[in-house]
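So the structure is just underneath, and the comments pick up after that.
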Amino acid sequence: MSHPLLQVSDLTIHGDGVTIAPFSLSLASGQRLTLLGETGSGKSLIAQAIMGTLPQGLTPAGELGIDGTSYAAADVAARRTLWGRRLALLPQEPWHALDPTMRAAAQITESHRHVAGLAPGKARQATQHDLAELGLEDAGGKLPGELSGGMAQRVAFAAASAGGAPIVIADEPTKGLDAPRRDAVVELLARTPQAGGALLTITHDIDVARRLGGEVVILRHGQVVERGPAERILEAPQTEYGRHLLDAEPSRWPAPPRLASAPDATPVVAARGLAKSRGGRQLFSGLDVSVLPGEIVGVVGPSGCGKSTLGDMLLGLASHDAGEIQHAPGHRLGLQKLYQDPPAAFSSHWRLSRLLDDLVQRHRLERAAIVPLMERLGLDERLLARRPGEISGGELQRFAILRVLLLEPRLLFADEPTSRLDPITQQQTLSLLVELARERRCGVMLVSHDPALIARLCDRQLALEENAEAASRPSAKAEPVSLA
Amino acid sequence: MMQATLIAPLRRLAWPALSTRQRAGALLLALLLAFAWLVPLWHDADPARQQLVRILELPTLAAPLGTDHLGRDMLARTAAALRLSLGMALLSVVTAAVPGILFGVIAGWRGGWLDRILGSVADACLALPGLLLVLLLVAIAPGNFWALYVGISLVLWIEYFRVVRARTRVLVASPQLEASRLLGFGPLYLFRRHLWPELAPQVLTLAAFGAASAILAMAALGFVSVGLRPPTAELGLMMIELLPYYHEAPWAMAQPILALFVLVFSLNLLAGKDPR
Amino acid sequence: MTSLTLSRSSPSRWRSGLRGLLLQRLFQAGLVAWMVGTLTFVLTRTLPGDMAYRIAAGRYGHDMVDSAAAESVRAELALDQPALGAYFGWLWDLLQLDLGRSLVSGEPVIHELWHQLGHSLGLAVMAVLLSLLLGPPLGLLAGRKPAGTLDRVSEVAASVLRALPPFAVGLLLILLFSVALGWLPAAGHGRFAHSVLPSLTLALALAAVSSRVARNAMAEVSQSAYYAFSHTKGLGSRLSFLRHGLRNAALPVVAYLGVQFVYLIEGVVVVETLFAWPGIGHALVHAIVARDVPMIQGTALVMGLMFVALNTAVDLICHWLDPRRRET
Amino acid sequence: MLAPRRLGLALLLGLLPLTAAADDRSLDVVAPWEITGLDPSTSGYVFARMGIGETLVDTDAEGQPSAGLASDWQVADDDLSWRFTLRDDVLFHDGSPLSAEAAAKSLEHAWRKPGMLDSAPIEAIEAEDGEVVFHLHEAFAPLPALLAHSTTLILAPDAYDESGTVRELIATGPYRLASLAPPQRLTAERFDDYWGEAPAITQTSYLAVGRGETRALMAESRDADIVFTLDPASRARLMRNAQLSIHAEPLPRTIVLKVNAGHPFLDDQRARQALSLAIDRSGIATGLLRHPEAAAAELFPEALGPWHLGLDAGESQDLERARELLAEQGWEAGDDGVLRRDGEPFQLTLRTFSDRPELPLVATALQDQWRELGVDLNVAVGNASEIPSGHQDGSLELGLAARNYGLVPNPLGTLLDDFGSDPDDMGGDWGAMGWSDAELAGWLATLRHDTDPEVRSELAGRVATRLNQAMPVIPVAWYQQTAAVGTHLQGFSIDPLERSYRLDELRWAE
């Protein structure tokens, strides 16, 4: 066994409100290690500490051994020279990490030329080779803005590894990608260890950890909960939190209560022969859909196939080219929507209590109904004094459900409501949603690109076909709303 | 129920939080305002009263800031000039901000042909040589305040329009407006809760820069003797009248320049990051 | 929206974007020419005071102007022509690119404009170049380390320069460079040295603003994800700055150039008066006082078109710098 | 024609016209007045002052008419025709000789355009056997003085195109126009076959600089060899500069208040005298103009001899007497300090212009001084032509201007324009308005054609005294021509009639 490529001993990080317990790892050529944990577990900080890109205010301590030479964790300057050459970082949301005004090929060629030191001609050849290998033959001339999520991921990978660095650190590589693309990313990352390098992956997705294999470390609040080979840890976790984390995988969820209402009850919404095209392309045609009160209908399909557009049509927010839609009689407020990115659905400048008061004042609602519903949704009273930006994504999404339920909705269109949440939070949120929908006989259309989740939760499924690989990447978060 | 929300917006338009730099600017501006409006209370010299025997005198007890080239009391004149300049700045900011924000929101929100029309009108206005318009307007009504002020603030609204339109477009595309609309809130509520808190810091910055450029424009017009009629005390006019005596009585000319400098400096501090 | 899957070679996309832009700008130029012309025509007609007297004062000076001179001017120029006839007459001449003759000096307006606008343009171009040398480089350096000492110092300096009226700055420069040091002539024109002080006065005011715009742009770029990735890719700070920092930060600065020219014209008037520079601002003030209508309209027209041409140039540079704009 | 365009192009391309070798250094003159064009009727005064153009009649040291291009002249005994004999050795700048026909043609052009010749009753101008003959339809003694004015510069026939506009400045002066960049700049070079004595300095340039401070700075930084018209503040500073010598000469130009005697408030002589008595002339002279002797209690300065009465400006202010005079006419002080008469406030608007920077300043001073008296004065700083146009349409109430009584060597010409010699058509654009005095008209009429010196000086005294009582035009202050000259120049002197800068008498000091 050659000496380890990457040796980390007793790495600790401390700063304002953050303490990471001493952590060590050793990666030899061909080996992989995955740090698994929920948001706030400190997994990203460890990767950044190794790379040397910790934000101000956080100081690392401990020893690093790279290719046999040892570095003090705090000595970032020394590690800077290794960037690209010995240590490569694949950043989160790679479509933001590419220079928006430079063509994709150029951003790979510059690594070959300036990091690997190839002559201009050779660097261009190497780039063509990389692109061909990654199936991006015609993407070279495009700008990052024109690339889909998956394509951007592969371009970033090529650019990061062009320097020939044996050690690759991948930070949340599958965040914001749908299921088919997730598998492609795992296969992409596996190339490094196969070629004799070492791979360190940071993710909250259990399925990715299982496919990558190698050693898995489960982290919680900066502490190592459990560690060992992937087969053992991910099948039979020893610790209670480990089991709890694995049970959060949709395939292990308990089946929800059966739909009680009779099939012949008037559907909350019924649509026949729906057709819609966008930007000159036919999204779908001749589509029939209906939702009974309390029924959960799943909507599945690749990103960009028109799932959200269908929702907008049913809620009356968008027009439809053909077909007709009937709604069960009732107030327009009965049609509501849950959004994929909770903070984007709230104005970040006001306290939650103020937003709730507005709603109560606007519709003269029963103020007494709020407290029990909050308890039901596991929301602490004190949260009301905070602003949307100051509470977690999970809590904010449950607050959105509270807001919607106060209006006794008949139909709720949930557009990938939990794709950005951690597994455990996702499970809690969805089970609450289903429970309350059944109780209040509110029809739900649940959109997700995780087939296992849809299969487990929904009474019926609606699949939208595969279209030409649309170039629009996952509904990228809108321009950062918070002040630059 | 509807009127409740109609009245509500005016009362509860929250002003943006200010950074320390901006707070310093606001403090400096407050000091200047106090100086401009409180001086006449305890120093009752008439800004136009002349004593040709006592011209360009050093500060004395009777005239704490000395006298100008016509023997007029500089303290009273500087205070009066500051009042006029601040009034002018406030006026030009309001008449530029209100249409600018209104059209900006409409263009950003509605988009489509309305956005294109308003956009081309703004571009055309910007192409008009502002200087020529001011000179023509001033020539129509020489020396009167209103022609001067309209000419200067005619072009200022375009900056507000452009910044507000860009910001509104981004916000309209984000889900928060759609969510509130689904929850049954009207357009006024959407403006008050979603748009205004986002626009307020930018508008404040543009207002501060706009006020500063309006004051400097009025001073420039005074320099080419197209400005206000004597004996009005205006910072630009005072500078020009005292310019010839820059060697003999530099402190006299320094006062209007210092007053203008502190005023514009405080506005720049208040302005924060330049959104252009 | 061109379909994205089709990947035609980039030059043709560049040309179609370009043609659309030029067409739109041409239309705007026509609109501006007509609007500016009509507006100045209407405004000059509403100016108080008897035109004949004003032109006589412009021609013969305040000593010699009297009713006899005014009457002879009225007869010579047939001033009491009906307004509408004069307007269409002017419009017709405009179509033949004939701006007519100045009523005061009798010279063709194009000739006067070439002389005066030429000088003003020369000054403006020098001022902008000088400001580009002073402002943005300082701003970019300050932006690389936001809230650093250089950033604070340049911010205070910029605020000071923005708060000082141009003639105060001009006066200080004259006192320093021509009276005290004697390096440069105080005023007048003729030699290149004459244009240094006036353009420096203008450049300082412009640089104050453009340095802040450059600083904000660079601060934003240096905190962006792609700038960090360029470093972690191994390019190091110098290459990252040159290949990724500079171009993205230059976009707002170049876009701001277009707006800057609007404020420049205002500064030019003051500087021309202080430095006795034969510029357009100075001539415009006299033309309006002397009711020299053809001169006013010619100046307004040329300044308007110059502004549109300038904006087109700025757009072209932005197009070249930022490929994204070619797609929309 | 030398196209100014080339100059503009040269600047744009940044070419550096090399300064010539030491000897033919250029003499740079800086003054406030801009050049409108080539035509003597609009910019003749610049060409005359820079020694480029000349007139038939010149002026001697005492400011009396003397021989110029015309060696001498006589008037026929019926006083209706004047004969001017020309010098025979004069060449134009294009080498063509000065003939009677050329002079007559040039003067006819000048006569047809607005200028000094309008105020003379000319019937025709002809050239008869080598002499220029003027036929008048009534006697006019000051004709020779008129022919000394810069609007009557003599140009060669090919200087004019068919329509009479001046294509090129071909004149007879010691310097020839080298380049012209209106409105600011011209350069001239020595004309070698000049009929008179050739000047020492070979190259000259003239630059119009509007602002006083800039002119003073150019003098200090040696950018200009001679700077004319220094503003009061800079003059004191430049006095202390060892490398500059400051010259000052009183001018026959007076800052006057043109009063609309037809206005209901001002038709009574006592009202006009009250306004005059309220003016603190010595304060304005010392405080504003920085020249105590400038205080003017009467219209005509000392230089105009018999017209000057020698009144002392010190006693010209008497606020109490002024208040009494107004009280006699029924004006009572209102609570806001403004006088009222049967409900109407004593409010007037004064028009002035900023071409002469000191006028708005004096207007502001008058505003404050009359407020003491209870008169509320609005000051409107606008264009110089608003005063004559206000005179024509009767809308003028008060006008503040700088009237030049030395436009031509004898003030009579200007007085005839300002007050008139026909009793039922008195007054003029820059003179009296809505005021007539038959006796004064008579005196002026006799002065028009009587050439006997005693009679002229006695009548002059009477006219001056009457104007000083009736005050149709209220004098405020007299002018001084000031100049800052580098010590590297010798032989500089100021022409009291502002006709010439006398460049041909200058030499570089060794």
Discussion item. Just the residues that are surrounded by fewer than 18 Cβ atoms within 10 Å (Cβ to Cβ) and closer than 14 Å to D:P157 by Cα, please, taken from the stretch D:106-126.
Written reply: D:E108
Discussion item. Being touching a residue at least 40 places away in the same chain (Cβ under 8 Å) and touching a His at 6+ places or on another chain (Cβ under 8 Å) is the requirement here; does D:I170 meet it?
Written reply: yes
Worksheet item: Taking the stretch D:46-77 on its own, how many of its residues are touching a residue at least 40 places away in the same chain (Cβ under 8 Å) and surrounded by fewer than 18 Cβ atoms within 10 Å (Cβ to Cβ)?
Response: 2
Worksheet item: Which strands (runs of 3 or more DSSP E) sit wholly inside the stretch A:54-149 and have at least 2 residues that are surrounded by fewer than 17 Cβ atoms within 10 Å (Cβ to Cβ)?
Response: A:58-66, A:69-72
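Per-residue answers, yes or no, for (1) modelled with pLDDT of 90 or more; (2) among the β-branched types (V, I, T):
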{"site": "A:I391", "(1), (2)": "no, yes"}
{"site": "A:L406", "(1), (2)": "no, no"}
{"site": "A:R420", "(1), (2)": "no, no"}
{"site": "A:I424", "(1), (2)": "no, yes"}
{"site": "A:S431", "(1), (2)": "no, no"}
{"site": "A:E439", "(1), (2)": "no, no"}
{"site": "A:M445", "(1), (2)": "yes, no"}
{"site": "A:I454", "(1), (2)": "no, yes"}
Worksheet item: Looking at (1) in a loop (DSSP other than H, G, I, E, B); (2) surrounded by 21 or more Cβ atoms within 10 Å (Cβ to Cβ), can you tell me which one D:R356 breaks?
Response: (2)
Item to complete: Among the residues of the stretch D:296-338, write down those that are of a type in the set (D, E), out of contact with any Leu (no Cβ under 6 Å at 6 or more places or on another chain) and outside any helix (DSSP H, G or I).
Response: D:D312, D:E332, D:D335, D:D336
Practice prompt. Determine whether D:A261 is closer than 23 Å to D:A483 by Cβ and among the aliphatic types (A, V, I, L, M).
Written response: no
Item to complete: Read through the list (1) under 25 Å from B:E159 (Cβ atoms); (2) within 7 Å of another protein chain (Cβ to nearest Cβ); (3) out of contact with any Gly (no Cβ under 8 Å at 6 or more places or on another chain), then give the number of the only condition that C:I280 fails.
Response: (2)
Discussion item. Out of everything in the stretch C:102-122 that is under 15 Å from C:L301 (Cα atoms) and crowded, with 24+ Cβ neighbours inside 10 Å, what residue ends up being farthest from the other protein chains (Cβ to nearest Cβ)?
Written reply: C:V109
Worksheet item: Taking the stretch C:255-293 as the region of interest, how many residues are closer than 21 Å to D:A31 by Cβ and touching a Lys or Arg at 6+ places or on another chain (Cβ under 8 Å)?
Response: 6
Worksheet item: Quick one: is B:P197 away from chain C (no Cβ under 11 Å) and surrounded by fewer than 22 Cβ atoms within 10 Å (Cβ to Cβ)?
Response: yes
Worksheet, complete the sentence: For the stretch D:79-120, the count of residues that are out of contact with any helix residue (DSSP H, G or I) (no Cβ under 6 Å at 6 or more places or on another chain) and in contact (Cβ under 8 Å) with a residue 60 or more places away in the chain equals 11
Worksheet entry | Selection count, the stretch A:310-363, where residues are touching a strand residue (DSSP E or B) at 6+ places or on another chain (Cβ under 9 Å), aliphatic (A, V, I, L, M) and facing chain B (nearest Cβ under 10 Å) | 5
Worksheet item: Restricting to the stretch A:105-125, what's the tally of residues that are over 19 Å from A:W83 (Cβ atoms) and more than 11 Å from chain C (Cβ to nearest Cβ)?
Response: 7
Practice prompt. Inspect all residues belonging to the stretch C:243-262 and state whether any of them is within 14 Å of chain A (Cβ to nearest Cβ) and among the charged types (D, E, K, R).
Written response: yes
Item to complete: Residue by residue through the stretch D:371-395, note down the ones that are surrounded by fewer than 21 Cβ atoms within 10 Å (Cβ to Cβ), more than 10 Å from chain C (Cβ to nearest Cβ) and part of a helix (DSSP H, G or I).
Response: D:R371, D:E372
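Is it true that D:T352 is touching a strand residue (DSSP E or B) at 6+ places or on another chain (Cβ under 8 Å), within 29 Å of C:V73 (Cβ to Cβ) and within 14 Å of another protein chain (Cβ to nearest Cβ)? If you could, list the steps in order and put the result at the bottom.
Details: touching a strand residue (DSSP E or B) at 6+ places or on another chain (Cβ under 8 Å): yes; within 29 Å of C:V73 (Cβ to Cβ): yes; within 14 Å of another protein chain (Cβ to nearest Cβ): yes.
Spelling it out, D:T352 is indeed touching a strand residue (DSSP E or B) at 6+ places or on another chain (Cβ under 8 Å), within 29 Å of C:V73 (Cβ to Cβ) and within 14 Å of another protein chain (Cβ to nearest Cβ).
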Discussion item. Checking the structure you have, find out if any residue of the stretch D:128-135 is farther than 24 Å from D:S43 by Cβ, of a type in the set (A, V, I, L, M, F, W, C) and touching a strand residue (DSSP E or B) at 6+ places or on another chain (Cβ under 6 Å).
Written reply: yes
Worksheet item: Checking C:D63 against (1) under 30 Å from D:A401 (Cβ atoms); (2) at pLDDT 80 or above, which test does it fail?
Response: (2)
Discussion item. Just to be sure I understand, how many residues within the stretch D:266-284 are part of a helix (DSSP H, G or I) and either away from chain B (no Cβ under 14 Å) or over 30 Å from D:S395 (Cβ atoms) (or both)?
Written reply: 11
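Consider A:P250 carefully, then state whether it is out of contact with any strand residue (DSSP E or B) (no Cβ under 8 Å at 6 or more places or on another chain), on the phi < 0 side of the Ramachandran plot and touching a residue at least 60 places away in the same chain (Cβ under 8 Å).
Yes, satisfied.
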Discussion item. It is to be established whether one or more residues within the stretch D:105-113 are on the phi > 0 side of the Ramachandran plot and not assigned by TED's automatic domain parsing to the domain that holds D:D418.
Written reply: no
Worksheet item: Does D:L177 qualify as being assigned to a loop (DSSP other than H, G, I, E, B), away from every other protein chain (no Cβ under 11 Å) and buried (at least 21 other Cβ atoms within 10 Å of the Cβ)?
Response: no
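Here's the yes/no breakdown for (1) under 19 Å from A:L446 (Cβ atoms); (2) polar (S, T, N, Q); (3) in contact with a His (Cβ under 7 Å, 6 or more places away or on another chain):
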position	(1), (2), (3)
A:R272	no, no, no
A:L292	yes, no, no
A:I296	yes, no, no
A:G301	yes, no, no
A:C305	yes, no, no
A:L314	yes, no, no
A:A322	no, no, no
A:Q326	no, yes, no
Item to complete: Give D:G287, D:G262, D:G305, D:G310 a once-over and let me know the one that is surrounded by 22 or more Cβ atoms within 10 Å (Cβ to Cβ) and either more than 14 Å from chain B (Cβ to nearest Cβ) or within 25 Å of the chain's Cα centre (by Cα) (or both).
Response: D:G287
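The values are calculated or read from the model by the stated rules, or taken from the named source; none is laboratory data. All values reported here derive from a predicted model rather than from experimental measurement. Note: ideal-geometry Cβ built from the backbone for every residue, glycine included; neighbour counts use all protein chains shown.
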